[in-house]
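Colleague: There's a structure below that I have some questions on.
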Amino acid sequence: MPSLVSRLSCALAACVLAAPLLAETVAEARLRLLRGDPSAVEDTIRRAAEAGHSQAMNLLADAHQHGVGVPQDNAAALDWYQRSAAAGWPHAYANLGDIFADGELGLDPDPMRAVQMFEAGLRVDFDGAVAIEYAAFLRNSEPPWRDPARALRLVEEAAAMGKSRAVAELGFYYATGTLVDEDLARALALFEQADAQGHPKAARNLGYMYDDGVGVEEDDERALQYYLRGADAGDSEAMADAAFMLWFGEAGVEDRPRAMELARRGLTRQQAKAYEFMGDRAYFGEMMDEDRALAAEYYAAAWARGRPYSAYALGWQYANGDGIEQDIQRGAELYRAAAERGNAEAAFELGAMMRRGDVEGEPSDMIAFLEQAAEAGKAAAVNELGLVYEYGEGVPVDMARAQAFYEQAADMGDPWARRNVGIMLLDAEAPSDADIARAEALFQTAADEGVSEAWASLAALHRDGVGRPVDRDTALRLFRRSGEEGYAHGYVDAAEMILADDPGPLDIVRARGFFNKAAEADAHALQHLGDAWRAGTLGPVDMGRAHQSYLTALKEVGDADAAARLAQMAVAGEGPFADGAARVEALSYCLYAERRRSEFAVDCAPLATGLSADDTARADDLAGGY
């Protein structure tokens, strides 16, 4: 079989004899394919390629490379690219250059062969595609292949020859300050020139400029017009951008059916933004059945193509087991990847996970991620930073700084921060009447904004007689309201308030009812039920029930305080831990509570004393599995 170089040596005139008869049909099929109709591959493109049409060979190769309209097949893709290049189609040389440069289609990177392809393509025809891809190679490669000066010359020469793709690429250089000084006016002129020549990416780039007000006055209507023009000419990214604008009515035109049609066309070109758009629609069940497993597939496809938001969205699904099997570590990895690419929501979620102890992380990383989100305007992250300084998590306790963060977050509209400001005001050594009134107002606002815990804070004012006479009936009503609104501990507070006031038999029954409501809503509440059985406030002391309550809270929701209580029982030899029984399990509870920073954690050394190395290792393994 002849070598690739010999196959690429035929004369251009001899290699495209079939082209005139099929050129219009192939051009129409190409546009149909770009507009999102993969049937064009089998209808026309394959037939033309097999008849020797050089452009069709390149299109068929691309279809095999990406699995569009035909099965994905690396070997077939490489073969058709080589045949297209041998037939004299310049774009095929550009594609082969990229393949060898990046090591695609299962090949190892081979810069030398990449250069050979690019140079051969320039000799066949100084085409814009070859010039641009070669320039990108020269711009981004390491020495000895790196040559930014030649990269710029290639693009400038192709643009001077009127090659629309090169004109658009040069506009990109000036828009981004790539190899030239940034010049938005020049970029605009070049994009307009390329758009007038019918180049779809130029239309899309003009859409970006008007969408974001870059170098021009922001104009959503013109942005949408350019996106639609690019989409109609086959630019898949413009399809997705137009879909987003039409979905949200950003140009005063909401057309969701058309948005869905554009996004689905983008999917046929495996467009990252289109996958992301469809991920949101599947997740929220908008104009399609809600399917969060399908949403995860879309987000994964978008993230594989570099979309940080999709990494965040997929991370959320993994971290919360939302539509897919929960994998907290995988969720954290995706959050980190998205945060490192500038996604503030992901930075917040990862910082909050680290602060809660859901995943391991250096305190400095936790603070850095929260600060990243806070600097991006995420009020909840500012509130989290307040918690960091209030509880000294990786930093010295600094109550003044904590309150400053809470005040800032409250001013930014975070309802949780409003509650935290109120608590800080009441925790002062001698809060003034004005402080008490402000705290109550903040609690009420937070409660009205959906913070169920704030109803419990209001209840505590009446229970404790803060700024008013003690009113236990109102306190009980508000604690119950807190539970009904979703704060299970509100029921616990109601039960404990009843038990603290010389309860009679009916009071104990009522308290048990509140504990049961709390446990039904949130298994964390079982830790408090265990405390009540252990203390004998629900009747006779019952270490068996206490142990079972703690153990269920630990195994169902990983409650670290319940683990600490089990460790306390073991140290005291209570219940099933009498006479030193179950010491391996007891040590595992203690280690888990310690690692999760429970405020009730005890010294684990007495529980480890006398255990073998194997038993200690088994306890450590158990602690890692709760």
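Colleague: Given 0.36 nm per residue, what is the gain on full extension from Asp289 to Glu599 after removing their alpha carbon distance, in nm? Don't skip to the answer; put the middle values down first.
Modeller: Numbers: separation 310, 0.36 × 310 = 111.60 nm, distance 4.49 nm.
Extending this stretch completely gives an extra 107.1 nm.
Colleague: Something else now. For the stretch 27-117, how big is Rg over Rh, using alpha carbon atoms and the Kirkwood form of Rh?
Modeller: Details: Rg = 12.6 Å, Rh = 12.9 Å.
Here Rg/Rh amounts to 0.98.
Colleague: Whole percent per 5 Å bin, from 0 to the bin with the longest distance: what is P(r) over all C-alpha pairs of the stretch 383-422?
Modeller: All Cα pairs considered, the percentages come to 7, 35, 32, 17, 9, 1.
Colleague: Over the alpha carbons of the stretch 44-189, what is the largest minus smallest coordinate on each principal axis, giving the biggest first in Å?
Modeller: Here the spans come out as 45, 32, 27 Å, largest first.
Colleague: Next question, about the same structure. Give the peptides 163-171, 535-543 in descending order of average Cβ contacts within 10 Å, highest first. List each step's numbers first, then the result.
Modeller: Working: 163-171: 26.1, 535-543: 14.0.
Per-residue Cβ counts within 10 Å, averaged per peptide and sorted highest first, yield 163-171, 535-543.
Colleague: Let me ask something additional. Against the longest alpha carbon principal axis of the chain, how many degrees, from 0 to 90 and to the nearest 10, is the axis of helix 344-356 turned?
Modeller: 30 degrees
Colleague: Here's something else I'd like to know. How large is ³J(HN,Hα) for each residue in the stretch 191-197, as worked out from phi by the Karplus curve 6.51 cos²θ - 1.76 cosθ + 1.60 (θ = phi - 60°), to whole Hz, x for Gly and Pro?
Modeller: Karplus values, whole Hz, x for Gly and Pro: 4, 5, 5, 5, 5, 5, 7.
Colleague: About the Cα centre of the chain, what is the dipole size in debye to 20, counting +1 per Lys and Arg Cβ and -1 per Asp and Glu Cβ, all else neutral?
Modeller: Numbers: 58 positive and 105 negative charges, 322 e Å.
Using Cβ point charges on Lys, Arg, Asp and Glu, the chain gives about 1540 debye.
Colleague: How big is the equivalent ellipsoid of the chain along its three axes, where each semi-axis is √(5λ) from the Cα gyration tensor, reported in whole Å from largest to smallest?
Modeller: Details: eigenvalues 810, 168, 101 Å².
Square roots of five times the eigenvalues give 64, 29, 22 Å.
Colleague: Tell me which of Ile367, Gln116, Pro503 sits at the most positive position along the dipole axis of the chain, charges placed on C-beta atoms (Lys, Arg +1; Asp, Glu -1).
Modeller: It is Gln116.
Colleague: Under a 1.4 Å probe, what is the accessible area of the stretch 220-274 per residue, stated in Å²? Intermediate values should be presented prior to the final figure.
Modeller: Details: 2150 Å² over 55 residues.
Ligands and nucleic acids excluded, the figure is 39 Å² per residue.
Colleague: What angle do you read, to the nearest 10 degrees and between 0 and 90, between the alpha-carbon axis of helix 19-34 and the longest principal axis of the chain?
Modeller: 10 degrees
Colleague: Within the accessible area of the chain, what % is carbon and sulfur when the probe is 1.4 Å and the other protein chains stay in place? Working shown, then result.
Modeller: Values: 13570 of 28260 Å².
Percent of accessible area from carbon and sulfur atoms in the chain: 48.
Colleague: With everything on Cα atoms, drop me the angle between helix 90-102 and the longest principal axis of the chain, reported from 0 to 90° to the nearest 10.
Modeller: Once rounded, the angle reads 40 degrees.
Colleague: On to the next question. Over all Cα pairs of the stretch 450-591, how is the pair count split among 10 Å bins, expressed in % and running from 0 up to the last occupied bin?
Modeller: 13, 37, 31, 15, 3, 0
Colleague: For n ≥ 4 DSSP H runs only, could you compute -39500 (n - 2.57) per run for the chain, divide by its residues and tell me the 222 nm figure to the nearest 500?
Modeller: Details: 36 runs with 439 residues, N = 626.
Value at 222 nm, helices only: -22000 deg cm²/dmol.
Colleague: What percentages, rounded to whole numbers, describe P(r) for the stretch 221-372 computed over all alpha carbon pairs with 5 Å bin width beginning at zero?
Modeller: Calculated over all Cα pairs of the stretch 221-372, the distribution is 2, 11, 17, 19, 16, 14, 10, 7, 4, 1, 0 percent.
Colleague: Taking 25 °C and 0.890 mPa s as the conditions, I'd like the Stokes-Einstein D for the stretch 227-311 in µm²/s, using the Kirkwood hydrodynamic radius from alpha carbon pairs.
Modeller: Values: Rh = 12.4 Å.
Answer from the Stokes-Einstein relation: 198 µm²/s.
Colleague: Cα atoms only: what Rg and Dmax, in Å, come out for the stretch 466-529?
Modeller: Computed over the Cα atoms of the stretch 466-529, radius of gyration and Dmax are 11.6, 34 Å.
Colleague: On to the next question. Just to confirm, what accessible area per residue do you get for the stretch 331-442 at 1.4 Å probe, in whole Å²? Don't skip to the answer; put the middle values down first.
Modeller: Working: 5050 Å² over 112 residues.
It amounts to 45 Å² per residue over the stretch 331-442.
Colleague: Work out the charge dipole of the stretch 354-488 with +1 on the Cβ of Lys and Arg and -1 on the Cβ of Asp and Glu about the Cα centre, then indicate which of Asn383, Gly486, Ala400 is farthest towards its positive end.
Modeller: Of the options given, the answer is Gly486.
The values are calculated or read from the model by the stated rules, or taken from the named source; none is laboratory data. From a predicted model like this one, the values you see are computed outputs, not experimental measurements. Quick reminder, even Gly has a Cβ in these numbers, built from the backbone with ideal geometry, and neighbours come from all protein chains shown. Each accessible area value is taken on the protein alone, full model and side chains, heavy atoms only, with ligands, DNA and RNA left out. Shrake-Rupley method; radii C 1.70, N 1.55, O 1.52, S 1.80 Å.
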